[in-house]
Amino acid sequence: MAGNLNHDDVARLMSDPSPENRASTAQKVAQQFGEGALTEAEGKLAEEIFSIMVKDAEERVREALAKNLQSAPNLPHDLAAQLAGDTSDNVALPIIRYSEVLTEDDLLNIVRTQPGARQVAVAERPAVSEAVSEAIVEHGTEDAVVSLVSNEGAQISDASLEKVVEKHGEVERIQKPLVHRDRLPVSVAEKLVSKISDELKTYLVTHHDLPEQLAADLILQTRERATIGLVSDGASEEDLVILVKQMRDTGRLTPSIILRALCVGDMPFFEVAIALLADVPIKNARVLIHDEGDLGLRSLYDKAGLPRQLYVAFRSAVDLNVDAEAERTDDDPEQLMRRMLERVLTVPDDEAEVYADADVEYLLAKFNKIEKRPGPAF
């Protein structure tokens, strides 16, 4: 608005009863006010205009105010609160979603008392405090919780994230943004693993800093259907290569995880992992692994940079996998796994210092789990 505002301008602006003119006036004055383009005196007069227009019976007038004042840092709090409490979502939502004038108490009150669309608007704000996040988790609709966990600008406490899993852990549209958050506490990941898809388990492993045992369990869960005959046509090699590359690139393709997978019969995982680490084509790696002598596997193993003290364990596990493939046995898959674990866990101590304590405990736990299941003796 050119020139200085005065009381005559205010009277003239408000004298035209046309809703179109009032809405146009609201837009122009609010826009200049929000941009800080008015002098102090003009700003005071603009606030007088707003105090009248915020009560205007015509929704489009109030909506024009809200849309042009949603980011105004100098908007008086009482006007922001009036707009945020407007009966029309078209008026209230822009202020609720963006206005920095609203206080934490204002936002908490909206979450606890207002309908779902307004809860969603709070959850979508550029920054959401832990207290407000907690209120959304406690009182919000499913839509509001989806928006909250999808918002990286939302600070969400570990306790609130755990409550999200407890209340909405089975909901796929909440699972995905939850797993894709930049930081996910281990306690939350552990509660999620039994609820999420293989694809999301893979993302957990490759993008979050999980304990070695949890990471290994997740990998083996997602790979189990493709191992030792549980499902002969399991995940495609292309999917497997993507998984292993992601793990390698994020530093999560550890020797321990590779060995654990091999010890429970996942030969394809081992083949792809050692091929990528050694920078050798997978088909070439398979030839070296299946070579009858020791030279092929040993050369590949050394080129992959795997620990020398673990070679005896890898060699033993590979031999049993190759024998099982050659025999094409119809034995129960769990019997094959049991024999695998027995052989690898009983590698003579004088041959090598094979395992870290964590590996021994992990493999023994797998072995004990099989031992406790009913099945044919052998």
Residue 48 being open to solvent by 50 Å² or more (accessible area, probe 1.4 Å), farther than 28 Å from residue 152 by Cα and assigned to a helix (DSSP H, G or I): yes
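Look at residue 82 and say whether it is open to solvent by 20 Å² or more (accessible area, probe 1.4 Å), part of a helix (DSSP H, G or I) and not acidic (Asp, Glu). Can you show your working first?
Numbers: open to solvent by 20 Å² or more (accessible area, probe 1.4 Å): yes; part of a helix (DSSP H, G or I): yes; not acidic (Asp, Glu): yes.
So residue 82 fits the description; yes.
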Yes/no for residue 105 being free of Cβ contacts under 8 Å to residues at least 60 places away in the same chain, closer than 20 Å to residue 176 by Cβ and not in a loop (DSSP other than H, G, I, E, B): no
Selection count where residues are open to solvent by 10 Å² or more (accessible area, probe 1.4 Å) and more than 16 Å from residue 98 (Cα to Cα), scope the stretch 126-141: 7
Helices (runs of 4 or more DSSP H) lying entirely in the stretch 136-192 (those with 3 or more residues that are more than 15 Å from the chain's Cα centre (by Cα)): 142-150, 158-168
Wholly within the stretch 279-345, helices (runs of 4 or more DSSP H) carrying at least 1 residues that are modelled with pLDDT of 65 or more, β-branched (Val, Ile, Thr) and on the phi < 0 side of the Ramachandran plot: 282-289, 311-327
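Among the residues of the stretch 109-125, which ones are among the polar types (S, T, N, Q), over 16 Å from residue 91 (Cβ atoms) and surrounded by fewer than 21 Cβ atoms within 10 Å (Cβ to Cβ)?
109, 113
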Hits in the stretch 289-307 (condition: open to solvent by 20 Å² or more (accessible area, probe 1.4 Å) and within 15 Å of residue 277 (Cα to Cα)): 298, 299, 302, 303, 305, 307
Set 91, 61: member being open to solvent by less than 20 Å² (accessible area, probe 1.4 Å), without any contact (Cβ under 8 Å) to a residue 40 or more places away in the chain and assigned to a helix (DSSP H, G or I): 91
Residue check, residue 96 in contact with a strand residue (DSSP E or B) (Cβ under 9 Å, 6 or more places away or on another chain), free of Cβ contacts under 8 Å to residues at least 40 places away in the same chain and in a helix (DSSP H, G or I): no
Residue match in the stretch 231-248 (condition: closer than 27 Å to residue 128 by Cβ, at pLDDT 80 or above, part of a helix (DSSP H, G or I) and of a type outside the set (A, V, I, L, M, F, W, C)): no
Matching residues, the stretch 184-210, being open to solvent by 60 Å² or more (accessible area, probe 1.4 Å), modelled with pLDDT under 75 and not hydroxyl-bearing (Ser, Thr, Tyr): none
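The values are calculated or read from the model by the stated rules, or taken from the named source; none is laboratory data. Since this is a predicted model, take the numbers as computed values, not measurements. Counting neighbours? That spans all protein chains shown, and the Cβs are built from the backbone with ideal geometry, glycine included. When the accessible area is computed, the model is the full protein with side chains, heavy atoms only, and any ligands, DNA or RNA have been set aside. Shrake-Rupley method; radii C 1.70, N 1.55, O 1.52, S 1.80 Å.
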